[in-house]
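Note sheet for the following structure.
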Amino acid sequence: MRLNRRVATFVAMAVLAAGVASAQDPRVEISGLAGWTFSDGVTGAAVTVPGVGTFNGIEPKDSFSWGLTLGFFVTPNVQVEFLYDQQKSQFAVTGTSAIDIGDVNVSNYHGVLAYNFGESDAQVRPFVFGGLGATRYGTLGFTAGGQDREIGGETQFSTTWGAGLKLYPGESFGIRLQGRWTPTYIKSDAEGWWCDPYWGCYVLSDAQYSNQWELTGGISLRF
């Protein structure tokens with residue numbers, strides 16, 4: 001009887017210790033990031049402004065950006081994250097010359113699936129990620145003809161892809177370095193016709209994307 005009680009006590013203590021160890025394994029990670037984003041835009045029909053030039057493109061300029069991530073480890077290596085990022089930029093029209101129009105915020109909202117290499121307690125962990133979401137181009141204010149004008153914001157579907165390195169000098173504190181590419185669908189241009197004897201004829205289109213290439217670094221807290 002005493003032996004059975006001792007075995008039961010040992011099993012209970014082992015289960016409790018395993019539960020404590022599991023609770024101590026970090027499951028949540030929050031990161032704050034800041035860096036620089038290189039951007040491009042899209043082109044369209046050329047517009048000529050007498051005495052100024054001919055313009056056929058519009059794009060956000062390269063600029064400072066910052067972001068936040070909130071991630072949950074579903075396994076020691078697989079992590080589900082929500083990513084928010086904002087680029088504080090200016091829109092410029094391009095062609096024979098480039099002219100700044102006004103300030104604009106470009107915001108990214110993405111659900112991300114990440115894979116972290118190595119053990120969960122490693123001090124250095126490379127990682128890769130990909131996600132789906134949306135990019136919002138904020139309201140654009142500008143002056144034309146001596147009058148203040150405003151163009152409403154626009155939200156478009158986008159994906160995001162990246163890789164980086166996590167450094168953990170402490171159990172709950174880390175440094176996150178990453179590069180990220182975000183292509184945002186803007187529009188499709190007709191490229192001509194394609195005909196098939198069975199399916200018939202239809203218009204071919206060429207999709208245009210506005211791309212952001214971002215390099216950021218920041219701190220992470222995990223618990």
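Bear in mind that the values in this text are calculations on the coordinates, not laboratory data. All values reported here derive from a predicted model rather than from experimental measurement. Methodologically, a virtual Cβ is constructed for each residue, glycine included, from the backbone with ideal geometry; neighbour enumeration extends over all protein chains shown.
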Practice item. Compute the distance in nm between two label points, each set 7 Å from the Cα along the Cα-to-Cβ direction, one at Ser97 and one at Arg27. Key: 6.1
Check your understanding: Residues with beta-carbon under 9 Å from that of Arg180, excluding Arg180: net charge, scoring Lys, Arg +1 and Asp, Glu -1?
Key -> -2
Point to revise | Peptides 208-218, 160-170 ordered by average Cβ neighbours within 10 Å, highest first | key: 208-218, 160-170
Revision key, fill the gap. Residues of the stretch 154-181 with backbone N under 15 Å of the label point set 7 Å from the Cα of Asp62 along Cα→Cβ are 180
